[in-house]
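*Asks:* Could you have a look at this structure, given as structure tokens, before my questions?
FYI, it's all coordinate maths here, none of it is from the lab. Note that this is a predicted model, so its numbers are computed, not measured. Note that each Cβ is placed from the backbone with ideal geometry, even for glycine, and that neighbours are counted across all protein chains shown.
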Amino acid sequence: MNSNNPLIGRDIVSISDLSGAEIRAVLDQARHFEQRLKDAPMIPLLNGRILATVFYEPSTRTRLSFESAMHRLGGAVISVAEAKTSSSAAKGESIYDSGRMLESYADVIVQRHPAVGSARALAEAAGVPVINAGDGTGEHPTQALLDLYTIEREKGTLDGLTVVMMGDLKHGRTVHSLAKALAHWKTKLILCAPRALAMPGDLIAYLRNQGLIVIETENMSAALAQADVVYVTRIQQERFETVEEYMRYKGVYVLTEQAVRAAKPGVVIMHPLPRVDEISTDVDALPNAAYFRQARYGVFVRMALLAMVLGAV
Ligand code: NCD
């Protein structure tokens, strides 16, 4: 038990809930778990503890990596994978009531929900830690933590980097959280998106206010030329009113092997996944392609979060 664990009993709703020092503590704990898992498949710190995963939106990586993380720590998992149709929400149950009930069944709750603010609402209702696994177009703080972990593992530092974010920066919650997180380090952020899918203006103002250098462009090759890290996102089809509107932007940027070869030699290519067509598969074989490693790192980071909020480290 480490009395320096600052996250005991805490909710993780927005990445802004965490200070730079707290983020550092999560990344260090994750690194420690990554090292220890080389010697043993399990680190049984959470025996007898229960995680509930409640997902009202599709997920593969986030739900499975949280569940894998809990199992690797020796804990148990209960789960509603299609909460929209198979939980009592389909009968009209409120998030508040769901929180009051789940707190009796689990020691920690991970929720994904289509409404911005839904994670905060659950955290206010439930007396156990709530971790936001995505609230609509709002935030995805645990993805931001694993993204930081990836950048540090791949580049050796988080400081002084030029990070290009590309794609649907309006609806993509991962970029919202990651951009806020990067404000703790000296970062130059280049936002590359069609004007209609630009990062929200109030968020950009917040980032500048936090000391980030933020540049907006629609020109992919100009952005790529400067990048140390390229963070590609999918056009978020489910957030558009009509299919026609989505089709207008689908395929607007496609990162190819040729484009990566023309960029800086050590450029790191990331993607929260799932990928549709925004990174061509010929990039996968390049050493720069970090997105599958990124998905793997998610397990260590989520182990760190679970062990920390449950006070096991
Ligand atoms: C992301 C999400 O759900 O926001 N996926 C994930 O958690 N890795 C990105 C996306 O769906 O595009």
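*Asks:* Given just the C-alpha atoms of the stretch 141-295, how large is their convex hull per residue in cubic angstrom?
*Replies:* 101 Å³
*Asks:* Could you list 286, 305 in order of exposure, starting from the residue whose Cβ has the fewest other Cβ atoms within 10 Å?
*Replies:* In increasing order of surrounding Cβ atoms, one gets 286, 305.
*Asks:* Around residue 193, under 11 Å between beta carbons, what's the net of Lys plus Arg minus Asp minus Glu among the other residues?
*Replies:* With Lys, Arg at +1 and Asp, Glu at -1, the net is -1.
*Asks:* Another question, if that's okay. Give the residue from 88, 98, 267 lying farthest towards the positive end of the charge dipole for the chain; charges sit on Cβ (+1 for Lys and Arg, -1 for Asp and Glu) and the dipole is referred to the Cα centre.
*Replies:* 267
*Asks:* Oh, and also: Neighbouring Cβ atoms within 10 Å as the yardstick, rank 296, 72 fewest first.
*Replies:* Ordered by Cβ neighbours within 10 Å, fewest first: 296, 72.
*Asks:* Using the count of nearby Cβ atoms within 10 Å as a rough guide to exposure, how do 247, 220, 199 rank from fewest to most?
*Replies:* Ascending number of Cβ neighbours within 10 Å: 247, 220, 199.
*Asks:* Find how many whole Å separate the alpha carbon centroid of the stretch 122-201 from the alpha carbon centroid of the stretch 37-74.
*Replies:* Between the Cα centre of the stretch 37-74 and that of the stretch 122-201, the gap is 22 Å.
*Asks:* For the stretch 141-295, compute the number of Lys pairs whose alpha carbons are separated by less than 18 Å, excluding pairs fewer than 8 positions apart on the same chain.
*Replies:* 7
*Asks:* What is the log10 of I(q)/I(0) for the chain, computed with the Debye formula using one identical point scatterer on each Cα and no solvent, at q = 0.07, 0.13, 0.15 Å⁻¹?
*Replies:* -0.26, -0.93, -1.22
*Asks:* To the nearest 500 deg cm²/dmol, what mean residue ellipticity at 222 nm is calculated for the chain from DSSP H runs of n ≥ 4 alone, each contributing -39,500 (n - 2.57), summed and divided by the residues?
*Replies:* -12000 deg cm²/dmol
*Asks:* Over the chain, what is the mean sequence separation of C-alpha contacts under 8 Å (at least six apart), divided by residue count, expressed as relative contact order in percent?
*Replies:* 21 percent
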